[in-house]
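**Student:** Once you've had a glance at the structure underneath, I'll fire off some questions.
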Amino acid sequence: MTIKLPIYMDYHATTPADPRVVEAMLPYFTQHFGNAASRNHPFGWEAEEAVEKARKQIADLIGANAKEIVFTSGATESDNLAIKGVAEMYREKGNHIITCVTEHKAIIDTCKRLEKNGYRVTYLPVAKDGRISLDELKAAISDKTILITIMTANNEIGVIQPIAEIGAIAKEKGVLFHTDAVQAVGKIPFNVNDLKVDMASISAHKMYGPKGVGALYVRRRNPRVLLSAIIDGGGHERGMRSGTLNVTGIVGFGKAAEICKQEMATESVRLRKLRDRLNDRLHKGLDEIYINGSVEHRLPHNLNISFAYVEGESLLMGINDVAVSSGSACTSASLEPSYVLKALGAGDDLAHSSIRFGLGRWSTEEEVDYVADKLINVVTRLREMSPLYELAKEGVDLSTMQWQTEGH
Amino acid sequence: MAYSNKVIDHYENPRNVGSLSKEDPNVGTGLVGAPECGDVMKLQVKVNPATGVIDDAKFKTFGCGSAIASSSLATEWLKGKTVDEALAIKNTDIVSELSLPPVKIHCSVLAEDAIKAAISDYKKKQAATGKPAEKAAQPTA
């Protein structure tokens, strides 16, 4: 079997829409184009019916009631709505929020904005495995704490946080619990009641649906979560999110959720096998490679590896027919390497040497073998021209060396 | 990020990768940058004591494609130049030869630093050993 290049192995960034999703969406562009808020004619009724069907499909995937799903433009908006909405609504009760250093920027930057407005935020550290400490979480909670927001699975290292335990602590202390579940929903079992989650952000395009549509799960009972809207207007979505609903996107989102619910069990087993195959091959072909974050508590389709003594961007250049991403600063606009990897205490040099592999619905064994073989070649070649590899082989301890860093 | 053809060529076919003996009094070694910044360059020159001309140059680089290309190009340019001519190589020459974008200018700066560090190391070694070669270059008293 010949493989088609370039190979896509960046499923954490986004996923292609499943053809079944696209098929479900198509009639809603032209035939059933109505505004779901139009109450007086069949065009509106059809659109509303489609939206309610999707709402149910998404609720079913996460064990929620359809009424608890609020549609948004994507998970960034969902995160903003959850945090800012709680912060404003519960201001009288307190001004303290607890989150974690490895959260997505949609959480971190939202919290930073609130800090400017007089809120206090605790950023819990993570251990080397990428997980927070439950004792540190408990110790951080005070009578002013109104929200805990901890992601379910990390977008870079795929590490899964102890969500059920966090949910139990939040419940016991009477603090609301939000989780950015973007990377987890549709990939691993996620049930809002088992996990005692009060709010959860989800995104369609991470689960083979279209871009530009997401949702926030907002619990209605035990407790009933109230949110101040951050977008004002026609009072759509029970007043929590105004704006005409993206009906086609929502229909696609619903279909994507339905497919994930049906196929997740078999798909995750298949992807875990592929991921382990990739990992085994790389470990057989190369020395001094390190998995970033917990292996045990990890999404089945994620692998994040640091290839010591080799810089990430030069690695990507050598595998330019493979789409993956690197934690190296050189690949992005910022000058700092990945803050997630730095938080693990890996050291900046290993952060610069990392690659994130994200497998997905259309990943094949042939692709995995191709990528592994190519990487082994490139890493070997780059190590031959790496002064760090040479020094390490001479027995020099790189961490104690004096580096000339001024001006860089 | 789009790379210029010259950067890609140096990345795929780097010139003069390797190491010269650090113990050789005619070899100057420069090691600049830091792993936590994402680039480290080692550049070495071997100077002919009789003529003061750089006979050989080698490099090893940990860094992005532009850093590898900058140091590879530097070794190409160094060969055949006198020590003083080598010191005249400017990072801007490297930027224009490789068409480096603004975010990659630091790679060329690092290459210039590596050249200067290698030559300064060579000069230090020569001064320490008081090599006759250095004196021979001076007019006899």
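The values are calculated or read from the model by the stated rules, or taken from the named source; none is laboratory data. Predicted model only: the values in this text are computed from it and were never measured. Because the Cβ atoms are built from the backbone with ideal geometry, glycine has one as well, and the counts that use them run over all protein chains shown.
**Student:** Return yes or no: is A:Pro337 out of contact with any Gly (no Cβ under 6 Å at 6 or more places or on another chain) and farther than 20 Å from A:Lys284 by Cα? So that I can check it myself, show each step before the final result.
**Tutor:** Working: out of contact with any Gly (no Cβ under 6 Å at 6 or more places or on another chain): no; farther than 20 Å from A:Lys284 by Cα: yes.
Here the answer is no, as A:Pro337 does not meet what is asked.
**Student:** OK, next. Determine whether B:Lys116 is touching a residue at least 40 places away in the same chain (Cβ under 8 Å), within 14 Å of another protein chain (Cβ to nearest Cβ) and not in a helix (DSSP H, G or I). It would help to see each step written out before you state the result.
**Tutor:** On the way: touching a residue at least 40 places away in the same chain (Cβ under 8 Å): yes; within 14 Å of another protein chain (Cβ to nearest Cβ): yes; not in a helix (DSSP H, G or I): no.
For B:Lys116, the condition - touching a residue at least 40 places away in the same chain (Cβ under 8 Å), within 14 Å of another protein chain (Cβ to nearest Cβ) and not in a helix (DSSP H, G or I) - is not met.
**Student:** Does the stretch A:18-40 hold any residues that are in a loop (DSSP other than H, G, I, E, B) and acidic (Asp, Glu), and which are they? Can you show your working first?
**Tutor:** Start the filter on the stretch A:18-40 by keeping residues that are in a loop (DSSP other than H, G, I, E, B), which leaves A:18, A:26, A:31-40.
If the condition is that a residue be in a loop (DSSP other than H, G, I, E, B) and acidic (Asp, Glu), then A:Asp18 is the only one that fits.
**Student:** Considering (1) assigned to a helix (DSSP H, G or I); (2) within 14 Å of chain B (Cβ to nearest Cβ); (3) closer than 22 Å to A:Arg131 by Cα; (4) free of Cβ contacts under 8 Å to residues at least 40 places away in the same chain, say which one A:Leu341 fails and leave the rest.
**Tutor:** Condition (4) is where A:Leu341 drops out.
**Student:** Is it the case that the stretch A:48-65 has a residue that's at positive phi, surrounded by fewer than 23 Cβ atoms within 10 Å (Cβ to Cβ) and not hydroxyl-bearing (Ser, Thr, Tyr)?
**Tutor:** Yes; the residues of the stretch A:48-65 include at least one that is at positive phi, surrounded by fewer than 23 Cβ atoms within 10 Å (Cβ to Cβ) and not hydroxyl-bearing (Ser, Thr, Tyr).
**Student:** From (1) modelled with pLDDT under 95; (2) farther than 23 Å from A:Gly74 by Cα, pick out the condition that doesn't hold for A:Arg277.
**Tutor:** (1)
**Student:** Now for a separate question. Please go through the stretch A:290-316 and pick out each residue that is in contact with a strand residue (DSSP E or B) (Cβ under 7 Å, 6 or more places away or on another chain), outside any loop (DSSP other than H, G, I, E, B) and within 14 Å of chain B (Cβ to nearest Cβ).
**Tutor:** Residues satisfying the conditions are A:Ser306, A:Phe307, A:Gly312, A:Glu313, A:Leu315, A:Leu316.
**Student:** A follow-up question, please. Please tell me if A:Thr266 is within 22 Å of the chain's Cα centre (by Cα), at pLDDT 95 or above, more than 20 Å from A:His12 (Cβ to Cβ) and part of a helix (DSSP H, G or I). Spell out how you get there, then give the answer.
**Tutor:** Values: within 22 Å of the chain's Cα centre (by Cα): yes; at pLDDT 95 or above: yes; more than 20 Å from A:His12 (Cβ to Cβ): yes; part of a helix (DSSP H, G or I): yes.
Judged against the criteria, A:Thr266 is a match.
**Student:** Please work out which one of (1) assigned to a strand (DSSP E or B); (2) at the interface with another protein chain (Cβ under 10 Å from one of its Cβ atoms) is the condition A:Arg381 fails and give its number.
**Tutor:** (1)
**Student:** If A:Arg238 meets every condition in (1) modelled with pLDDT of 95 or more; (2) assigned to a helix (DSSP H, G or I); (3) on the phi > 0 side of the Ramachandran plot apart from one, which number is that one?
**Tutor:** Condition (1) is where A:Arg238 drops out.
**Student:** If you take just the helices (runs of 4 or more DSSP H) that sit entirely in the stretch A:99-200, which of them hold at least 3 residues that are touching a helix residue (DSSP H, G or I) at 6+ places or on another chain (Cβ under 7 Å) and not acidic (Asp, Glu)? Steps first, please.
**Tutor:** Details: elements: A:105-116, A:134-140, A:163-173.
Those helices (runs of 4 or more DSSP H) span A:105-116, A:134-140.
**Student:** Take the residues in the stretch B:48-100 that are basic (Lys, Arg) and surrounded by fewer than 24 Cβ atoms within 10 Å (Cβ to Cβ); name whichever of them is nearest to the other protein chains (Cβ to nearest Cβ).
**Tutor:** Of all residues in the stretch B:48-100, those basic (Lys, Arg) come to B:58, B:60, B:79, B:81, B:90.
From what is left, the residues that are surrounded by fewer than 24 Cβ atoms within 10 Å (Cβ to Cβ) are B:58, B:79, B:81, B:90.
Values: B:Lys58: 10, B:Lys79: 18, B:Lys81: 22, B:Lys90: 16 Å.
This residue is B:Lys58.
**Student:** In the stretch A:363-378, which residue that is in a helix (DSSP H, G or I) and β-branched (Val, Ile, Thr) is surrounded by the fewest Cβ atoms within 10 Å (Cβ to Cβ)?
**Tutor:** Pass one, the stretch A:363-378, residues in a helix (DSSP H, G or I): A:365-378.
Cutting the leftovers down to β-branched (Val, Ile, Thr) gives us A:368, A:371, A:376, A:378.
On the way: A:Val368: 22, A:Val371: 24, A:Ile376: 17, A:Val378: 19.
Out of the qualifying residues, it is A:Ile376.
**Student:** Suppose we filter the stretch B:19-38 for residues that are at the interface with another protein chain (Cβ under 7 Å from one of its Cβ atoms), within 15 Å of A:Glu390 (Cα to Cα) and of a type in the set (D, E, K, R); how many remain? So that I can check it myself, show each step before the final result.
**Tutor:** Going residue by residue through the stretch B:19-38, those that are at the interface with another protein chain (Cβ under 7 Å from one of its Cβ atoms) are B:19, B:31-38.
Cutting the leftovers down to within 15 Å of A:Glu390 (Cα to Cα) gives us B:19, B:31-32, B:34-35.
Next cut, of a type in the set (D, E, K, R) only: none.
The total comes to 0.
**Student:** Given the criteria within 33 Å of the chain's Cα centre (by Cα), hydroxyl-bearing (Ser, Thr, Tyr) and over 26 Å from A:Asn320 (Cα atoms), does A:Ser338 qualify? Before the answer, list the steps.
**Tutor:** Numbers: within 33 Å of the chain's Cα centre (by Cα): yes; hydroxyl-bearing (Ser, Thr, Tyr): yes; over 26 Å from A:Asn320 (Cα atoms): no.
Criteria not met by A:Ser338.
**Student:** If I ask for residues that are within 12 Å of chain A (Cβ to nearest Cβ) and either outside any helix (DSSP H, G or I) or in contact with a strand residue (DSSP E or B) (Cβ under 9 Å, 6 or more places away or on another chain) (or both), which ones from the stretch B:101-111 would you list?
**Tutor:** B:Pro101, B:His106, B:Cys107, B:Leu110
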